[in-house]
Amino acid sequence: MPMLDSLIVPLLVTTDLPPDADLAEFGRLLADAVREPGRDEVSYAGFLHGGVFWLDPPRVSAERGEGPVVEELRFAALLGYLSVSGACGRVKDVVADAGRAVTEAVVARYGDLGSAPAVMAIRAEDVRERTPPSAVPVRTAGAVPELVAAARPYM
């Protein structure tokens, strides 16, 4: 199997989600969003693998007055590796492309939650050391096989 020119970026994604959001669905949303994270005329393939988890416990707050109790937004995160191939440019460009793709997908699925997801490159050690054992695994389905093979040492 020929190897692709690839770049592997350790990634952190954080965002608020509705309190009833399903983490597995959120993970699939992120993995699908970065399948082709290119911009303008630049197109390239992506493969995301990692884990999603809640950063905070569910919170309940009472509305002012005698209104019903309302659950607040929850803070979710993904730690993982985004592998890309082709003419993708620098890490900074890949992270910006992934950020645009993730923001579009989150807004399309959950609506405007007040702020855009944060997408940033981090150290590979942070992915390994900070992903909790309870994280829900995430993996882009149907990714380019050569790209998955290039990412295998990071899985």
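The values are calculated or read from the model by the stated rules, or taken from the named source; none is laboratory data. The structure presented is a predicted model; accordingly, all values stated were derived computationally and were not measured. Note that each Cβ is placed from the backbone with ideal geometry, even for glycine, and that neighbours are counted across all protein chains shown. Keep in mind that these areas ignore ligands, DNA and RNA; they rest on the heavy atoms of the full protein, side chains included. Shrake-Rupley method; radii C 1.70, N 1.55, O 1.52, S 1.80 Å.
Compared with the dominant Cα axis of the chain, that is its longest principal axis, helix 91-110 is turned about 40°. Once the Kirkwood radius over Cα pairs is known for the stretch 113-155, the Stokes-Einstein relation at 10 °C and 1.306 mPa s delivers a diffusion coefficient of 121 µm²/s.
Amide H contacts of Tyr44: Gly38, each under 5 Å away and 5 or more positions distant or on a separate chain (H built 1.01 Å from N in the peptide plane; Pro and chain starts excluded). Proximity of backbone amide H atoms, modeled 1.01 Å from N, is registered between Ile122 and Leu11, Leu12 at under 5 Å, excluding neighbours fewer than 5 places apart on the same chain. Backbone geometry of the stretch 140-154 corresponds, through the Karplus equation with coefficients 6.51, -1.76 and 1.60 at θ = phi - 60°, to 3J(HN,Hα) couplings of 5, 6, x, 6, 4, x, 5, 6, 4, 4, 5, 7, 3, x, 8 Hz, x marking Gly and Pro. Between Leu113 and Glu125, the modelled labels are 3.0 nm apart [label points 7 Å from Cα along Cα→Cβ]. Dividing the C-alpha radius of gyration of the chain by 2.2 N^0.38 Å, with N its residue count, gives 1.11. In the stretch 4-62, Cα pairs under 8 Å separated by at least six residues give a relative contact order of 27 percent.
Share of carbon and sulfur in the accessible area of the chain stands at 53%, probe radius 1.4 Å.
Of the peptides 111-122, 72-83, the order by per-residue mean of other Cβ atoms within 10 Å, starting with the highest, comes out as 72-83, 111-122. Helical content of the chain, expressed as a calculated mean residue ellipticity at 222 nm, amounts to -9000 deg cm²/dmol (DSSP H runs of 4 or more residues, -39,500 (n - 2.57) each, divided by residue number, nearest 500). Compared with the dominant Cα axis of the chain, that is its longest principal axis, helix 23-33 is turned about 40°.
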